[in-house]
Amino acid sequence: MRIGISVASNYDVSDVRAGARCMIERARAAEAAGLACLFVGDHHVTPRPYYQNTPILGRMLAEWGDRPSGALYLLPLWNPVLLAEQTATLACIARGRFILQCALGGDRRQSAGMGVELARRVPMFEQGLAIVRALWRGERVTRGPFEGARISPLPPEPIEVWIGASANVAIDRAAKLGDAWLGDPGMDEATARRKLNVYREACERSGRSPATIALRRDVYVGASSAEARATMAPYLAEGHRGFPEEALLIGDVGEVADRLDRLHRIGYTDALMRNITANQTQALACIERLARVQERLAVR
């Protein structure tokens, strides 16, 4: 199993430069740890600092090597021409393969703040993805509100599309339209197994056989099992992100490696780690220990 990182973008800081520095430091630590890929997320109209994906990833790539990188974009919230331009430029900056993660987004307040009707998000997603892909290929849009649009520079190599989806109908859409499915971080192991079967069946119906099946996981790798539990106790008491505790990876190097190995045996090829802790020192230590988790998985 390949272990990558999804760097958190929201930081409750009084000095807004400090949050950006945290993301840059985490990218540098992930590169030093030899993690397989680097990603950032997408959110808008937030009440506290959330560092926007395109500019912050452009800066983080200066700390990253030639392994894959990418960002999540909630497609209905984006003008597809702008998105195609932004991602093509990021692909030119990146020294390795660039990956577009995308999803519908279901936050009503976020959609309203971006001027998007929540009820229209499915057709907007499908139309937007089709336009973005055509523009990446160097084509000119021939109809609709973006008629005549084209972009330059083009991506130096094809951009993969990983589609995040939770509901069965959305997973079916991911099988039809995506190069890979990105599983929900809130799935416990039983749900992860069940949803993967949904995806495999949908791929079979669509005549597709994807090489990548990924999921995100919120993680804290401690110096010991006891330290990990003690450090995460306040987050668990608050019900971290509303996720079931079983969906979280908390433990020492061996425990986290064992949990990831079980997911790999189910059929997941990639796990994208997102730090649970908001403390930068703890987050950097966790990233360093993920290198040891990766080493253990490599010999299994």
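The values are calculated or read from the model by the stated rules, or taken from the named source; none is laboratory data. Treat the numbers as computed from the prediction; the structure is a model and nothing was measured. No Cβ is skipped: glycine too gets one built from the backbone with ideal geometry, and neighbour counts run over all protein chains shown.
State all residues of the stretch 160-184 that are in a loop (DSSP other than H, G, I, E, B) and surrounded by fewer than 21 Cβ atoms within 10 Å (Cβ to Cβ); if no residue qualifies, say none. Residues satisfying the conditions are Ser166, Ala167, Asp179, Asp184. Selection of the stretch 50-86 for residues being aromatic (Phe, Trp, Tyr) and under 27 Å from Gly144 (Cα atoms) yields Tyr73, Trp78.
Which residues, counting only those in the stretch 214-226, are surrounded by fewer than 20 Cβ atoms within 10 Å (Cβ to Cβ) and either out of contact with any Asp or Glu (no Cβ under 6 Å at 6 or more places or on another chain) or at pLDDT below 95 (or both)?
Ala223, Ala226, listed by residue number.
Residues being within 15 Å of Ile163 (Cβ to Cβ) and in contact with a strand residue (DSSP E or B) (Cβ under 8 Å, 6 or more places away or on another chain): count how many of those fall in the stretch 58-85. Selection size over the stretch 58-85: 7.
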